[in-house]
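Okay, structure first, notes after.
The values are calculated or read from the model by the stated rules, or taken from the named source; none is laboratory data. Since this is a predicted model, take the numbers as computed values, not measurements. Cβ atoms come from the backbone with ideal geometry, glycine included; neighbour counts cover every protein chain shown. Calculation scope for accessible area: heavy atoms of the full protein, side chains included, ligands and nucleic acids excluded. Shrake-Rupley method; radii C 1.70, N 1.55, O 1.52, S 1.80 Å.
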Amino acid sequence: MSKKQAILQVATKLFSKKGFKDTSIADLANVIGTAQGTIFYHFNSKEQLFLSVLKSVKDGIIEEFERYLRERDFKIGLEMAEGAISFYLSLAGTREEWFLILHRHDAYELAAVNNSCRQNLEGIYNSILSIFEKAVLLGQDDGSIADMPARKTALIIFAMVDGLVRFNTYKLYDAGALYNELISSCRRILQNKHP
C-alpha cells in the first residue's frame, strides 16, 4: 500500500469518527506516524484530503454495487429492488465508516460552501439512486412494478432505506430487526397490483 493510500485509509477512519471539523492534520499524522508535511505533500489541504476520501467512498460504493449486480441474475425488477435494498443495508454494516462520513452534518456544511464537496456527495447519492431507479424501470418493463415516475419512486424507496441505515448508524434502532417490515413496505409501494 502506498503512503497516499495509507493516508486515505486512516483519514477515512478519522473523518468517520470525528467528522471533518474535528479531525486535524496533526491527528492524522500522529495516527499514521508521519510528519504533517508528508500529508500535505500528497494532499494540499484538509479539504482536498476530505474530497479525496469522499471520492474513494463513492468509488467503493459503486464498485461494491457493480460486483453485487454482476453476481446476481434478477428475473424481475421487483426482485432487483429488494436485492438492492438488502445489499445497501449489508454494505452499511460492512463499511460503517463510509456511512458515518455520509451521515455527518459537517460534510453537508462544507458542501454548502465547497462545490467540489457538493458534487462528490451528489455523485455518491446519484450513483446509488440510479441502481434503485434501474430496478424500478426493469420492473415496469416486466410488469412486476407499477407504472409510476421511476426516479421519484426510486428516491422514495432509497430515502426509506437510508433513513433506516441512519437510525442504525446512530444506534437508535437495529436495522436488521426492521428488515422484514422494510421489504414488505417497499414491496407494497412498488408492486404492480394489476399486472
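Below, the figures for the structure above:
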| quantity | calculated |
| --- | --- |
| Extension gain (nm, one decimal) between Glu47 and Arg70, 0.36 nm per residue minus Cα-Cα | 4.8 nm |
| Gyration tensor (alpha-carbon) shape descriptor, the stretch 75-195, a/c threshold 1.5 | oblate |
| Helical contribution to [θ] at 222 nm, DSSP H n ≥ 4, -39,500 (n - 2.57), averaged over the chain, rounded to 500 | -25000 deg cm²/dmol |
| Length-normalised contact order for the chain - Cα pairs under 8 Å, 6+ apart - percent | 23 percent |
| Amide N of the stretch 2-45 lying under 15 Å from the label point, which is placed 7 angstrom from the Cα of Lys171 along Cα→Cβ | 17-18 |
| Accessible area per residue in Å² at 1.4 Å probe, computed on the chain | 53 Å² |
| Accessible surface ranking that places the most exposed of Tyr179, Tyr68 first, with a 1.4 angstrom probe | Tyr179, Tyr68 |
| Calculated FRET value between Glu97 and Lys152, using beta carbons and R₀ = 30 Å, to 0.05 | 0.50 |
| Pairs from Lys58/Lys193; Lys55/Lys134; Lys21/Lys152; Lys18/Lys152; Lys18/Lys55; Lys17/Lys58 whose Cα-Cα separation, in the structure shown, is over 27 Å | Lys58/Lys193; Lys21/Lys152; Lys18/Lys152 |
| Mean Cβ neighbour count within 10 Å, used as a protection proxy, ranking 169-175, 86-92 highest first | 86-92, 169-175 |
